[in-house]
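The values are calculated or read from the model by the stated rules, or taken from the named source; none is laboratory data. Quick caveat: nothing in here was measured; it's all calculated off a predicted structure. With ideal geometry, Cβ positions are generated from the backbone for all residues, glycine too; neighbour counts draw on all protein chains shown.
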Amino acid sequence: MPRGGARPNSGPPKGTKYRPRTQKADKQVIKQAKRQAKESKKEQKKPKDPPKAKSISISSLPETEIKPDIGHKTPLQYMIDIMNDESADTSRRDRMAQAAAPYVHSRRGEKSSKKEDRQKKANSASNGRFATIQPPKLKAIK
């Protein structure tokens, strides 16, 4: 019995190329739409770069505005500072606490994987009745 090759009536119908058959008029409409799409892409110009934002130095800020802390902080330190700031909005403090929690506290008792469980069971079984027997000690006889 043959093993590979084409089998009768298998696969999609001939000429479909995995999509429904179209009439000649439909094919012409599709070709025209593709041509128009190519032409419209050529006509589109590249958008100009947006204007650059003015850089503001800290010395140019008015005295009434709060100046940002210039010190170098990690994102975690920043979140903890906001979380501990009592003048900040409570919802913002809550969000910072939730965001910082995974980095400060580890998860509680993560479960072991199935693979580790199987390995533990195999080790415990090999200690009892099915333990490997030590080979006999060889002694030289004189």
Does region 71-85 contain at least one residue that is more than 30 Å from residue 104 (Cβ to Cβ), exposed (fewer than 10 other Cβ atoms within 10 Å of the Cβ) and at pLDDT 75 or above? no
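Can you pull out the residues in region 91-142 that are basic (Lys, Arg) and touching a helix residue (DSSP H, G or I) at 6+ places or on another chain (Cβ under 8 Å)?
The first filter runs over region 91-142 and keeps only residues basic (Lys, Arg), leaving 92-93, 95, 107-108, 111, 114-115, 118, 120-121, 129, 137, 139, 142.
Of everything in region 91-142, those that are basic (Lys, Arg) and touching a helix residue (DSSP H, G or I) at 6+ places or on another chain (Cβ under 8 Å) turn out to be 92, 93.
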Within region 69-98, the residues that are of a type in the set (S, T, N, Q) and part of a loop (DSSP other than H, G, I, E, B) are 74, 87
With the checklist (1) part of a helix (DSSP H, G or I); (2) at pLDDT 75 or above in hand, flag the one item residue 42 doesn't pass. (2)
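Condition check: at positive phi, assigned to a loop (DSSP other than H, G, I, E, B) and modelled with pLDDT of 60 or more. Does residue 15 satisfy that?
Numbers: at positive phi: yes; assigned to a loop (DSSP other than H, G, I, E, B): yes; modelled with pLDDT of 60 or more: yes.
When the stated conditions are applied, residue 15 passes them.
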